[in-house]
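For reference, the structure discussed in these notes is given below.
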Amino acid sequence: MDENQLIYFDNAATSWPKPENVYGYMMDFYRATGVNPGRSGFDLAIEAGSLLDRLRLRLTRFFGGDQDAPERLCFGYNATDALQLIINGLLGPGDHVVTTHLEHNSVLRPINHLVRDGGVSASFVPFDGAGFVDPDAIARAIRPETKLVIVNHGSNVIGTIQPVAAIGRICRERGVTFAIDTTQTAGVVPIDMQAMNVDVLAFTGHKALMGATGIGGLCVRKHVDLRQTRSGGTGVNSAHPFHLEEYPWRMEFGTPNMLGVASLWAGQDWLDEQGLETIRAHELRLATRLIEGLRPVEAVRLYCCDSLENHLSTFTLNIDGLDAGDVGTLLDVQHNIATRTGLHCAPLVHRQLGTEDINGGVRFSIGAFNTEAQVDVAIAAIAAIARWNAGRRGRVGGK
Ligand SMILES: Cc1ncc(COP(=O)(O)O)c(C=O)c1O
């Protein structure tokens, strides 16, 4: 292992590096076909549009959406963008929404805005001690005026994967639209909207789907419709004074990110070639090694990872007596290890864990290209920081 090379454990922020074929395909596609799709009738524009449409179908299949309606797979910038369209497109004055303490700000903030300014009410369901939301707790939170249940499929802080199929069943029985945020799970575990009774899904391209930043989107089942909350150019039917109601234009605005589309296409190729199960087995093996290596280290506090069943290869820790940000800086400066510290855009998780006042936690997120040797360096680094802190505290009388 090259000692000067950064050890990257921040794959929950974005996967890095990307598979080689992703870089290659993006470059080749953009050089050869980097024109505006769907805006012009010449062959190259049609070819660019064809990749966009083939990717719609491919991702619709990948997520278990309605294969006869691939136009309902709409592209945007990222999950934040898609979640905004979903939340604002489904909720209005007098409506109630059920969500959880596990949500990212890309769900919490749009909901909070609607609660403050839009006459919407919201219930936030906590997770249990192991980091899971109980489907019965969701059922109890549903009211007659509940229009939407929206749940983070996989936590970007504690890594737990939520029982979305069970929650979906409840929503279907109660006639409530069910949306999931697959930002951390898409490309990690199989997702089947139909089997899981998921009505709407948001995804981002730049994490385990192995695409570039700036591409993401949503998949909307045929029986659900989102209200338009934006408008603009679509490239078709230009004389019409309003934004088109048909999908995909209904949820797409302006020129798409074709470089991102190309990256996602190549990312799908790579995932198909490797197989989700193989990648996940590798990541979980490394996560187990890291967690087991850290468990005996004195003063290390691990959150919600006693078992890695229904768990991503993401977890958060703290060292007693140290600010999370300081631990992250020491890992970076002294050990060349990249983690993510702070509240991870998920303040309610840290509030429930009681870590809000110590600057959150230190998140390790393992990706497909991490190695055992890197894990061992991380274990030794955390142990060294914990030892140094114990010595320092001893010298200043336990303070
Ligand atoms: C669970 C979750 N939801 C939403 C997002 C937002 O993703 P993006 O920044 O790609 O919009 C993130 C980002 O880390 C996330 O972890």
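Listing for the model above:
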item	result
Nearest 10 degrees, 0 to 90: helix 43-63 Cα axis against the chain principal axis	60
Test item: Cα-centred dipole of the range 1-123, Lys/Arg +1 and Asp/Glu -1 on Cβ, debye	260
Prolate/oblate/rounded call for the chain, Cα gyration tensor, a/c under 1.5 rounded	oblate
Crossing angle, helix 105-117 versus the chain [Cα axis fit, 0-90 degrees, rounded to tens]	70
When the convex hull of its Cα atoms is projected in every direction, mean area for the range 186-290 (nm²)	8.6
C-alpha long axis of helix 372-395 to longest principal axis of the chain, angle in °	50
Most mobile listed residue (ASP95, ASP225, ASP357) in the chain, GNM with C-alpha springs under 10 Å	ASP357
Length gained when the stretch ASN4-HIS113 is fully extended (0.36 nm per residue, less Cα-Cα span)	34.7 nm
Fraction of antiparallel bridges per DSSP, the chain only, in percent to nearest 5	50
Label-point gap, in nm, between VAL224 and ALA69 - each point 7 angstrom along Cα→Cβ	1.1
Packing-based order for 250-261, 100-111, using average beta carbon neighbours within 10 Å, highest first	100-111, 250-261
Cβ-placed point charges (K, R +1; D, E -1), dipole of the range 266-399 about Cα centre in debye, nearest 20	760
Spin-label pair GLU356/PHE242, simplified geometry with 7 Å Cα→Cβ offset, distance in nm	4.2
Gaussian network model of the chain, springs between alpha carbon atoms under 10 Å - residue of ALA69, ALA13, ALA373 with greatest fluctuation	ALA373
Inter-label distance for ASN105 and LEU308, nm, one decimal - labels placed 7 Å from Cα along Cα-to-Cβ	3.0
Theoretical gain in end-to-end length, GLU145 to GLU277 [0.36 nm per residue, Cα-Cα removed]	43.5 nm
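Bear in mind that the values in this text are calculations on the coordinates, not laboratory data. What you see is a predicted model, and the numbers here were worked out from it, not measured in a lab. Note that we place each Cβ from the backbone using ideal geometry, even for glycine, and neighbour counts take in every protein chain shown.
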